[in-house]
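Asks: I'd like to ask some things about the structure below.
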Amino acid sequence: MATQELHSNPHFYSAKAKRLDLCQGLVGDCWFLAALQALTLHQDILSHVIPPNQSFTEKYAGIFRFWFWHFGKWVPAVVDDRLPVNEAGQLVFVSSTYKNLFWGALLEKAYAKLSGSYEDSQRGQVSEALVDFTGGVTMTINPAEAPGHLWDILTRATYSRTLTGYQTHSGERVLKNGLVQGHAYTGVGKVTSKHGPAYLVKLRNPWGRVEWKGDWSDSSSMWELLSPKEKILLLRKDDDGEFWMALQDFKAHFMLLVICKLSPGLLSQEVGQKWSHTMLEGRWEKGTTAGGPTKSPRDTFWKNPQFLLSVWRPQEGRRFQMPCSVLVSLLQKPRHRHRNQKPHFAIGFYLFRVAQLLPSVLYPQSYDDQRRLPPKSFWKNAPLNWPETFLREKEVSLELWLEPGTYVILPCTSESRQESEFVLRVFSRKRIFYETGRNSSVVFSKETVDQSEGQDEFFTKLFDKHPEINAVQLQKILNHMPWSGLRSEQPLFSLEACQGILALLDLNASGTVSIQEFRDLWKQLMLYQGVFHKQDTNRSGRLNRAQLRAAMRDTGIVLGDDVCRLMLVCYGGPDLQMDFVSFVRLMLLVENMEDVFQNLTQDGKGIHLQKPEILKAI
């Protein structure tokens, strides 16, 4: 039924409405709803998923667009405004307590489209939806087995840009204590009482009703132990599904705490540092790269894809090199259009230090980083992330503290000969990351830097006036930006350059870019500005061949010297040097070459290009 038939004055979204306004329907997607509730606590992130300027009045076309992070890319999901109803004409799935608001129901429909159907939304994990909403990295903790600093973890998660969700033990029934088994709860805040060691966690049942009945519940006598002021500030006796509970009760009744890091450094002790990340795609293929875990026969484990990771500290000239925090995330792609038709494999990864795998007399002189490590290298050496952990989850992640050096990561399934595609992401301060065993002259890896969010307000105001911007508007924006660190001369983006940039970003061939596409572009520009300034050591405003090769290596792209010269011939000046604008165009093009390479591959394993083919591709 169309939304206009459900209400005479439908609204898509209202910023004035209470943020906790969604109720679950017949579909058992409480995990999705819990993640969505967490998302509403971060309006700037919510605007990534739900583009502004959509309504049932202005420019209404009967469709609505949403964006989801889908294995490394932000993809749109467009749906019409017809929603499933029961015989009484009421929504059967997600609905709002404000009967004329439909953003939640339409977003659920778009997510069901991404998953395959409403039925495919029946089963899932909070962590899956959080990743799809944010592109962040999730980590799961069992509160009962959590370390002693669980309270510190919860505190940092609440007061940083982190989304959290909680899940009770399995089952679908309401317990006597008011908790609903198998349902996810969304943490939205917590406080410490001034009257004794009362550590409280604030939760919400996504049903919008049914609350905890134990200590610190709405009707608990524990509130009388607080001062009247504290009681007024914290206690609200409404049957809205929101409630407080003690930390010890939280640990006893919840089996899973999900933390989604929007920036990997949020829970790290390295405050004030910026993180970067690289993403590579791979595949486990029966008979070739599906080698299974270390307990597999000796001649198969080494066949798993091998990814080389070089770690070093960003501070130059340090005499004593301290360990660096590295976050590794492995995601497996669905093996069927309908998400639940083929369950997840149990996946995990191993990390070894290369110097440990090779005899000291041979390393590093004999080590070729373009060749795979042989099977004997792994026979007698335990991985650094021991004991192994394999989970039947969409994502498995682990934070490690690594000393500067060279490492190799082997992602795998819990059994050999299991076929699937995967995405491997590595977050750290400074590293080079690529797959070994490639003889190509170019090694690709996508990299972005976690930049300041200070531009968000500017972007929002800009796109309020212009929901989509064209090449002329893009030129004005880029030429008025303060490009710090790029010598005194302001870089000049020509209209032709901006048209070329749009052509690379504009997936819909509309001649414009959306706010989400512009945000992605801006992050890339900030990265390119930083590496250009770093390698432009003589402050000439141009890069020579050695500087260009070093700059691209800083972004995670390893070039052969001959290919680097080809790029200077194509994009540099007559003196074979490259200015910042040309560097930006080249980098954006190289980022898009990954898709070109995937189209050229014959067997899904990759391709090897000679110089003429590379020249044609760029």
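The values are calculated or read from the model by the stated rules, or taken from the named source; none is laboratory data. Treat the numbers as computed from the prediction; the structure is a model and nothing was measured. Don't worry about glycine lacking a Cβ; one is built from the backbone with ideal geometry, like all the others, and counts go over all protein chains shown.
Asks: Considering only segment 511-520, I want to know if a residue exists there that is part of a helix (DSSP H, G or I), more than 28 Å from Leu424 (Cβ to Cβ) and in contact (Cβ under 8 Å) with a residue 40 or more places away in the chain.
Replies: yes
Asks: While we're looking at this one, here's another question. Evaluate segment 76-86: report whether one residue or more is of a type outside the set (A, V, I, L, M) and under 27 Å from Gly136 (Cα atoms).
Replies: yes
Asks: I'm trying to understand the selection: among the residues of segment 385-418, which are loosely packed, with under 15 Cβ neighbours inside 10 Å and either free of Cβ contacts under 8 Å to residues at least 60 places away in the same chain or outside any strand (DSSP E or B) (or both)?
Replies: Passing the criteria: Trp386, Pro387, Thr389, Arg392, Glu403, Glu415, Arg417.
Asks: Considering segment 19-71 alone, what residues qualify as being of a type in the set (Ser, Thr, Tyr), under 16 Å from Ala105 (Cβ atoms) and out of contact with any Phe, Trp or Tyr (no Cβ under 6 Å at 6 or more places or on another chain)?
Replies: Selection gives Thr40 alone.
Asks: Any residue that is of a type in the set (Gly, Ala, Ser), without any contact (Cβ under 8 Å) to a residue 12 or more places away in the chain and surrounded by fewer than 17 Cβ atoms within 10 Å (Cβ to Cβ) - is there at least one of those in segment 533-547?
Replies: Scanning segment 533-547, I find at least one residue that is of a type in the set (Gly, Ala, Ser), without any contact (Cβ under 8 Å) to a residue 12 or more places away in the chain and surrounded by fewer than 17 Cβ atoms within 10 Å (Cβ to Cβ), so the answer is yes.
Asks: If we scan segment 329-344, do we find a residue that is within 30 Å of the chain's Cα centre (by Cα), at positive phi and at pLDDT 75 or above?
Replies: Among the residues of segment 329-344, not one is within 30 Å of the chain's Cα centre (by Cα), at positive phi and at pLDDT 75 or above, which makes the answer no.
Asks: Report, by residue number, each residue of segment 538-593 that is in a loop (DSSP other than H, G, I, E, B) and more than 30 Å from Glu281 (Cα to Cα).
Replies: Asn538, Arg539, Ser540, Gly541, Asn544, Gly572, Gly573, Pro574, Asp575, Leu576, Gln577 - these are the residues of segment 538-593 that are in a loop (DSSP other than H, G, I, E, B) and more than 30 Å from Glu281 (Cα to Cα).
Asks: With Thr57, Thr3, Thr40 as the choices, which residue is out of contact with any His (no Cβ under 8 Å at 6 or more places or on another chain), closer than 30 Å to Thr168 by Cβ, modelled with pLDDT under 90 and among the hydroxyl-bearing types (Ser, Thr, Tyr)?
Replies: The match here is Thr40.
Asks: Yes or no: segment 186-197 includes at least one residue that is outside the structural domain of Val423 (by TED's automatic domain parsing), modelled with pLDDT under 80, in contact with a Pro (Cβ under 8 Å, 6 or more places away or on another chain) and polar (S, T, N, Q).
Replies: Within segment 186-197, one or more residues are outside the structural domain of Val423 (by TED's automatic domain parsing), modelled with pLDDT under 80, in contact with a Pro (Cβ under 8 Å, 6 or more places away or on another chain) and polar (S, T, N, Q).
Asks: Kindly provide the set of residues from segment 249-261 that are closer than 17 Å to Leu163 by Cα and surrounded by fewer than 19 Cβ atoms within 10 Å (Cβ to Cβ), ordered by number.
Replies: Within segment 249-261, just Leu256 meets the criteria.
Asks: Quick one: would you say Gln4 is under 17 Å from Ser121 (Cβ atoms) and in contact (Cβ under 8 Å) with a residue 12 or more places away in the chain?
Replies: no
Asks: Could I ask something else about it? Kindly indicate the residue of segment 133-183 that is part of a helix (DSSP H, G or I) and among the hydrophobic types (A, V, I, L, M, F, W, C) and also modelled with the lowest pLDDT among those meeting that condition.
Replies: Ala157
Asks: Gln610: at pLDDT below 85 and either outside the structural domain of Asn479 (by TED's automatic domain parsing) or over 22 Å from Met279 (Cβ atoms) (or both), yes or no?
Replies: Spelling it out, Gln610 is indeed at pLDDT below 85 and either outside the structural domain of Asn479 (by TED's automatic domain parsing) or over 22 Å from Met279 (Cβ atoms) (or both).
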